[in-house]
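K.L.:
Below is the structure I would like to discuss, written out as structure tokens.
The values are calculated or read from the model by the stated rules, or taken from the named source; none is laboratory data. Computed from a predicted model, the values in this text were never measured in an experiment. Note that we place each Cβ from the backbone using ideal geometry, even for glycine, and neighbour counts take in every protein chain shown.
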Amino acid sequence: MDSEAMDAREEPLEPSQQLSVAGSSAMFQSLAWVFRRGGDQQRQAARQLLLRAGVWMPIETYRVWPVVLPWVVRDNSVAPSKGKADKTGKPLIKTASPATGLLRSDNSPVGTLKNDLPVRWAGGLDETFKSKALKSGTHEWMQSHCWSYLSDTGQSTATHPLTNSFVPNLVWLPHAMGRLTDDERLVFADELRAIAWARYRHVDVDPALRDVVEEAWSLLDPPIADDLQEELTRANEFVVPEKFYQSKTAKVRSISAYLEKLRCREDVSVVKLTPAVYKDSLASVSPDVRSRLQQHLHPFSTAARQFLPPAAVTHQVSGQPKKSHSVGGTGPGSLTKFTIHSPNGTVTGLARSQVALRLVHEVIDVGVTPVQVHEVLKANIRHVPGLAHGEELWRSMSEAGAPATMDKWFVNEPIHDNGDTWVLKKNSWTEELADKAFPALEYLSGGLVQVTSDPVPPITSPDEK
């Protein structure tokens, strides 16, 4: 519709409550005026603006982890600004819902998914912005849900665990534009849904999550859209690193492990689950609710295992000299063998020093920091500034006064973290040290990494064979 046909006396979409006018408010009102009535030209222009300025999760994220935070729902009634607290005076934010066991929060868990993620800019913007991340700030970028409401109940999609962080339902827009998509009277909301549908709807996902994804789509109304495939090549996407998936899948495994411990009435202190207020409140939820939550998370737990890179379970940790083991020995070369279980798989037949090395690597893989490991192992793990390996690493260690000789440290299998190097000692792994250190490291992993000792075969003399 032409602008002349619009009622000049029509009230603004958002009356100002301020004594002065912000530039973003003027931009919002101007765009809202231009796009308030639908028409082919307005729709095409809105689509181009959304494609050029919006930033989406990549298709690959949808394939492997289509619901980013399946344990989180938005519940603004528990936000700190509401001053809500339970009968004990504790804040309700990030506690477990008594009805579902899901973590209740404001929009911050979803809104901050963009933090520190580089962007692959399209349509010539790559030359302008390179691969820079989105700037943080109150009126910089706004995380928007493409579908604001569920098709069956009319409730907010942010209140449902399958749609709150459903990849096709997430886009980040400049703040003024994001506000425009919230108003269903404008063409922006329709076009946003059309883009999301065209980008993701016909992409195959992890087999373990196909039913979950179909259920999520069934909660959303299909848009009325033209063929957008050619235009989608101009969409901006986040560049999502491996650690993004690792942190989300590790959280699902931790919640699932905690629920299983509660179900079996086992010691839950071995499971590391944050925030603590969620862990504590989840234990107070009824067993039936916890069971339903466990069922809800089960396909995600399965997908999490499939997503992690497979472990090399058929070979021993490299760099270890073959040792002759004496029966009943208690030193690093004793006959006892160990098995380690982790999200990366199961490795069997490891000597005590070998399993110590593998254990340290595995607990760091699930999010434990080398500093935390050092607090447990003390002098048995050493920090070296910078990145080094092998003989170069040993020279740095020697100059810093490291005791013993090079063959007494795992210098060929160091841990590199945040630009620094950590090295584990080889020859100190007595039975006494292992009995103290292994359970402590397992605890730090939240129960995601476990070590068990293998049965020692009985000694038989030649006459008994």
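K.L.:
When residues of the stretch 274-298 are filtered for being under 16 Å from the mean Cα position of the chain (by Cα) and surrounded by fewer than 20 Cβ atoms within 10 Å (Cβ to Cβ), how many remain?
P.N.:
So the count comes out to 2.
K.L.:
May I ask you to say which residue of Arg210, Arg201 is surrounded by fewer than 19 Cβ atoms within 10 Å (Cβ to Cβ) and over 30 Å from Ser97 (Cα atoms)?
P.N.:
Arg201
K.L.:
Return the pair list, or none, for Cβ contacts closer than 9 Å from residues in the stretch 367-393 that are on the phi > 0 side of the Ramachandran plot to residues that are assigned to a loop (DSSP other than H, G, I, E, B) and surrounded by 14 or more Cβ atoms within 10 Å (Cβ to Cβ), at least 6 apart or on different chains.
P.N.:
Gly367/Lys272; Gly367/Ser445; Gly367/Gly446; Gly367/Leu448; Gly390/Val411; Gly390/Asn412; Gly390/Pro414
K.L.:
Among the residues of the stretch 62-73, is any buried (at least 20 other Cβ atoms within 10 Å of the Cβ), closer than 30 Å to Leu162 by Cβ and at pLDDT below 85?
P.N.:
no
K.L.:
Sticking with this structure for a sec: Evaluate the stretch 266-280: report whether one residue or more is assigned to a loop (DSSP other than H, G, I, E, B), in contact with a helix residue (DSSP H, G or I) (Cβ under 6 Å, 6 or more places away or on another chain) and either modelled with pLDDT of 80 or more or over 27 Å from Ala356 (Cβ atoms) (or both).
P.N.:
Yes, there is a match, as at least one residue in the stretch 266-280 is assigned to a loop (DSSP other than H, G, I, E, B), in contact with a helix residue (DSSP H, G or I) (Cβ under 6 Å, 6 or more places away or on another chain) and either modelled with pLDDT of 80 or more or over 27 Å from Ala356 (Cβ atoms) (or both).
K.L.:
I'd like the full set of residues that are more than 29 Å from Thr336 (Cβ to Cβ) and among the β-branched types (Val, Ile, Thr), limited to the stretch 372-430.
P.N.:
The answer is Val384, Thr421.
K.L.:
State whether the residues of the stretch 169-179 include one that is exposed (fewer than 13 other Cβ atoms within 10 Å of the Cβ) and either at pLDDT below 90 or assigned by TED's automatic domain parsing to the domain that holds Pro118 (or both).
P.N.:
no
K.L.:
Answer yes or no: is there a residue in the stretch 363-370 that is at pLDDT below 90, charged (D, E, K, R) and under 29 Å from Thr302 (Cβ atoms).
P.N.:
yes
K.L.:
Select from the stretch 96-137 the residues that are of a type in the set (S, T, N, Q) and not in a loop (DSSP other than H, G, I, E, B) and write down the one among them that is modelled with the highest pLDDT.
P.N.:
The selected residue is Ser105.
K.L.:
I've got another one for you. Does the stretch 246-287 hold any residues that are among the β-branched types (Val, Ile, Thr) and closer than 24 Å to Val67 by Cα, and which are they?
P.N.:
Thr249, Val252, Ile255, Val271, Thr274, Val277, Val285
K.L.:
Got a number for residues in the stretch 236-258 being part of a helix (DSSP H, G or I) and not small (Gly, Ala, Ser)?
P.N.:
Matching residues across the stretch 236-258 total 12.
K.L.:
Any chance the stretch 368-376 includes a residue that's surrounded by 21 or more Cβ atoms within 10 Å (Cβ to Cβ), within 24 Å of Ser254 (Cβ to Cβ), in the same structural domain as Glu431 (by TED's automatic domain parsing) and not small (Gly, Ala, Ser)?
P.N.:
Checking the stretch 368-376: at least one residue is surrounded by 21 or more Cβ atoms within 10 Å (Cβ to Cβ), within 24 Å of Ser254 (Cβ to Cβ), in the same structural domain as Glu431 (by TED's automatic domain parsing) and not small (Gly, Ala, Ser).
K.L.:
Let me ask something additional. Looking only at residues that are over 18 Å from the mean Cα position of the chain (by Cα) and part of a helix (DSSP H, G or I) in the stretch 159-184, which one is nearest to Gly101 (Cα to Cα)?
P.N.:
Thr159
K.L.:
Could you check the stretch 389-420 and list, in sequence order, the residues that are in a loop (DSSP other than H, G, I, E, B) and surrounded by 12 or more Cβ atoms within 10 Å (Cβ to Cβ)?
P.N.:
Selection gives His389, Ala402, Ala404, Phe410, Val411, Asn412, Glu413, Pro414.
K.L.:
Now a separate question. Going by what's in this entry, would Arg292 be described as at pLDDT 85 or above and not in a loop (DSSP other than H, G, I, E, B)?
P.N.:
yes
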